[in-house]
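Undergrad: Sharing a structure here in structure tokens format.
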Amino acid sequence: MTEQERITKAYELAKESFKKWGVDVGEAIKKVHAIPISLHCWQGDDVTGFENPDAQLTGGIQATGNYPGKARTPEELRADLDKAMSLIPGEMRLNLHALYAETNGEKVERDELKPEHFANWVNWAKAKKIGLDFNPSCFSHEKSSDGFTLSHQDDEIRDFWIRHCIASRKIAEHFGKELGTPAVTNIWIPDGYKDIPVDKTAPRARLKDSLDKIFAAQIDKAYNLDAVESKVFGIGSESYVVGSNEFYMGYATANNKLLCLDAGHFHPTEVISDKISAVMQFVDEILLHVSRPVRWDSDHVVILNDELIAIAQELVRGGYLDRTHIGLDFFDASINRIAAWVIGTRNMRKALLFALLEPTDYLKQLEIEGDYTSRLALLEEMKTTPFAAVWEYYLMSSNMPVSSEWLKEVKEYEKDVLIKR
Ligand code: RNT
Ligand code: ZN
């Protein structure tokens, strides 16, 4: 039996198993393929960017490890992204940080960045027929060295970061116009105190004022969508973070912005899957930073764990896919970076497929009827219904290498390209 025959046969049988529960597998495959996932450029080079090759990552986030072969130039990063994307099925986008500007060796300050500094990225995205998303980079800079940016007490510094965020929105607007799909511009800042502050109010008031200034100019939502990302703590901001959850929840609700939920930005027993249906009552759209915190906001590669599945289930069960922008946010420098992208992104889509293969309406019916016994029994049955056969068939039919075949390609690329860097 050829691999193709085996996969097809297993799929045909799996289809029958799912049919028993009233699930249309073909429909689920079609749906999962069309869900855009925004791949974060920064897994490719440990959040370094091209502003300065010796840049130190600051802002209380960390990429640990020194696996060989990290991308050092835009060309290398794009080649690595091409490789990763060639192994990931379904609709993709690319999420860029301002740090990834190309200035031809010229020093361009962040508040001076313009669409032209991203021309190569736009051309690359056009050729791949994908959308771009964007982020101002409010870290790894001398003007953020004391841990404050948009909430800085020094107006000169605060204005610099306001101008940077305004410039970023204009760049994103340009992406939206050029690529025919709105760019999500996400603002995350590291601002906070290591130790307990006396005045928790003033920085938050300044942050609110900064955001009002940044968002003062209306940009057509067909081109740019603004998101704000909260956090509970960072390295060096353990006691107080200016942009906390309540702060941004309030800001996004009051100002009709997207709320970004990062899986690593809450207390360790809190999960973002449980927050989606709550915040969706108050904001039109959300951005997800799908990540995997291990003991802290460690940004480990996303695996197919309970929380990832729960996130996907919430999006499907709540009918929230159209109002959710799925982005990834992890950076592991201790393993092959392309494999990290492929593993994490495939897992995101795997979780979505798993969720789409659920007889949700039937489960909801059982719940309404108070038949919690059947609800629990069926949910457990679904865990071992032959999902893997559907996943493999989906990969095969979208011309992607199945099981560990993709890893061989990554290893070859490592030998031929990465190791030589
Ligand atoms: C930091 C935030 C933020 C960054 C990226 C690089 O804790 O999660 O989203 O990881 O913007
Ligand atoms: Zn994040």
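The values are calculated or read from the model by the stated rules, or taken from the named source; none is laboratory data. Treat the numbers as computed from the prediction; the structure is a model and nothing was measured. Every residue, glycine among them, receives a Cβ derived from its backbone with ideal geometry; neighbour counts consider all protein chains shown. Protein only, heavy atoms only, side chains kept; ligands, DNA and RNA dropped before computing areas. Shrake-Rupley method; radii C 1.70, N 1.55, O 1.52, S 1.80 Å.
Undergrad: Per-residue ellipticity at 222 nm for the chain, helices alone: DSSP H runs ≥ 4 residues times -39500 (n - 2.57), over residue total, nearest 500 deg cm²/dmol?
TA: -14000 deg cm²/dmol
Undergrad: Of 319, 400, 141, which is farthest along the charge dipole of the chain in the positive direction, counting Lys and Arg as +1 and Asp and Glu as -1 at C-beta?
TA: 400
Undergrad: What do you get for the angle between helix 74-85 and the principal long axis of the chain? Use alpha-carbon atoms, 0 to 90 degrees, nearest ten.
TA: 20 degrees
Undergrad: Rounding to the nearest 20 debye, state how big the charge dipole of the chain is about its Cα centre with +1 on each Lys and Arg Cβ and -1 on each Asp and Glu Cβ.
TA: 700 debye
Undergrad: Here's something else I'd like to know. Taking the radius of gyration and the Kirkwood hydrodynamic radius from Cα positions alone, what is the Rg/Rh ratio for region 231-296, to two decimal places?
TA: On the way: Rg = 11.9 Å, Rh = 12.4 Å.
That ratio equals 0.96.
Undergrad: Gain in length, residue 19 to residue 2, computed as 0.36 nm per residue apart minus the alpha-carbon separation, to one decimal in nm?
TA: Length difference between fully extended and current span is 3.5 nm.
Undergrad: Taking the Cα centre of region 75-224 as origin and charging only Cβ (+1 Lys, Arg; -1 Asp, Glu), how large is the dipole, in debye to the nearest 20?
TA: 560 debye
Undergrad: Between residue 103 and residue 417, take the C-beta separation as r, use R0 = 35 Å, and let me know the FRET efficiency to the nearest 0.05. Before the final figure, lay out the partial values.
TA: Numbers: r = 25 Å, r/R0 = 0.72.
The pair residue 103/residue 417 has a calculated efficiency of 0.90.
Undergrad: Less than 11 Å Cβ to Cβ from residue 160, Lys/Arg counted +1 and Asp/Glu -1: what total charge do the surrounding residues give?
TA: Taking every other residue near residue 160 into account, the sum is -4.
Undergrad: What translational D, rounded to a whole number of µm²/s, comes out for region 73-130 from Stokes-Einstein when the hydrodynamic radius is the Kirkwood one over Cα pairs, at 25 °C and 0.890 mPa s?
TA: Numbers: Rh = 12.5 Å.
Answer from the Stokes-Einstein relation: 196 µm²/s.
Undergrad: Something else about it: Out of all DSSP beta bridges with both ends in the chain, state the antiparallel percent to the nearest 5.
TA: Numbers: 3 of 32 bridges.
Roughly 10 percent of the beta bridges in the chain run antiparallel, per DSSP.
Undergrad: Can you tell me the FRET efficiency between residue 66 and residue 408 if r is taken as the Cβ-Cβ distance and R0 is 22 Å, rounded to the nearest 0.05?
TA: Once rounded, the FRET efficiency stands at 0.35.
Undergrad: Let me ask another. Can you give me the % of accessible surface on the chain that is carbon or sulfur? Probe 1.4 Å, all protein chains present, nothing else counted.
TA: 51 percent
Undergrad: Related question: Give the lysines reachable from residue 143 as a straight Cα distance under 17 Å; neighbours fewer than 8 places away on the same chain don't count.
TA: Excluding near neighbours in sequence, the set is 107.
Undergrad: If you don't mind, another one. In percent, what relative contact order does region 99-233 have, based on Cα pairs under 8 Å that are 6 or more apart in sequence?
TA: With pairs under 8 Å counted, the relative contact order is 30 percent.
Undergrad: If one computes P(r) from the Cα atoms of region 28-180, what percent of pairs lie at distances over 23 Å?
TA: Everything past 23 Å amounts to 40 percent.
Undergrad: Ranking request for peptides 390-403, 225-238, 1-14: highest mean number of other beta-carbon atoms within 10 Å first, then the rest in descending order. Don't skip to the end; give the middle numbers.
TA: Details: 390-403: 17.9, 225-238: 20.5, 1-14: 13.5.
Ranked from most to least packed, the peptides come out as 225-238, 390-403, 1-14.
Undergrad: Moving to a separate point now. Given C-alpha coordinates of region 252-371, what is the ratio Rg to Rh with the Kirkwood estimate of Rh?
TA: Numbers: Rg = 15.2 Å, Rh = 15.2 Å.
Ratio of gyration radius to Kirkwood radius for region 252-371: 1.00.
Undergrad: Helix 25-34 versus the longest principal axis of the chain: what angle, 0 to 90°, nearest 10, using Cα atoms?
TA: With rounding to tens, the tilt is 20 degrees.
Undergrad: Can I ask one more? Determine the per residue accessible area of the chain with all protein chains present and a 1.4 angstrom probe, expressed in square angstrom. Display every interim value, and only then the final one.
TA: Numbers: 18800 Å² over 421 residues.
Using a 1.4 Å probe on heavy atoms only, each residue of the chain averages 45 Å².
Undergrad: For region 324-421, what relative contact order do you get, as a whole percent, if you take Cα pairs closer than 8 Å and at least 6 residues apart?
TA: The value is 25 percent.
Undergrad: Quick one, can you get me the convex hull of the C-alpha atoms of region 100-182 expressed as volume per residue in Å³?
TA: Expressed per residue, the convex hull around the Cα atoms of region 100-182 is 90 Å³.
Undergrad: Of all the C-alpha pairs in the chain, what % are more than 34 Å from each other? Let's see the in-between values first.
TA: Numbers: 27552 of 88410 pairs.
In whole percent, the long-distance tail amounts to 31.
Undergrad: Right, here's the next one. Label points 7 Å out from Cα along the Cβ direction at residue 116 and residue 277: separation in nm?
TA: Taking the two extended label points, one gets 5.2 nm.
Undergrad: Provide the FRET efficiency to the nearest 0.05 for the residue 195-residue 364 pair, computing r from the beta carbons and using R0 = 41 Å.
TA: 0.25
Undergrad: Output the peptides 343-354, 181-192 sorted from most to least packed, where packing is the average of other Cβ atoms within 10 Å over each peptide's residues.
TA: 181-192, 343-354
Undergrad: Okay, moving on. Under 8 Å for C-alpha pairs, at least 6 residues apart: give me the relative contact order for the chain, rounded to a whole percent.
TA: The value is 20 percent.
Undergrad: State to the nearest 20 debye the size of the charge dipole of region 1-42 about its Cα centre, where the only charges are +1 on K and R beta carbons and -1 on D and E beta carbons. Show your work: numbers first, answer last.
TA: On the way: 7 positive and 6 negative charges, 23 e Å.
About 100 debye.
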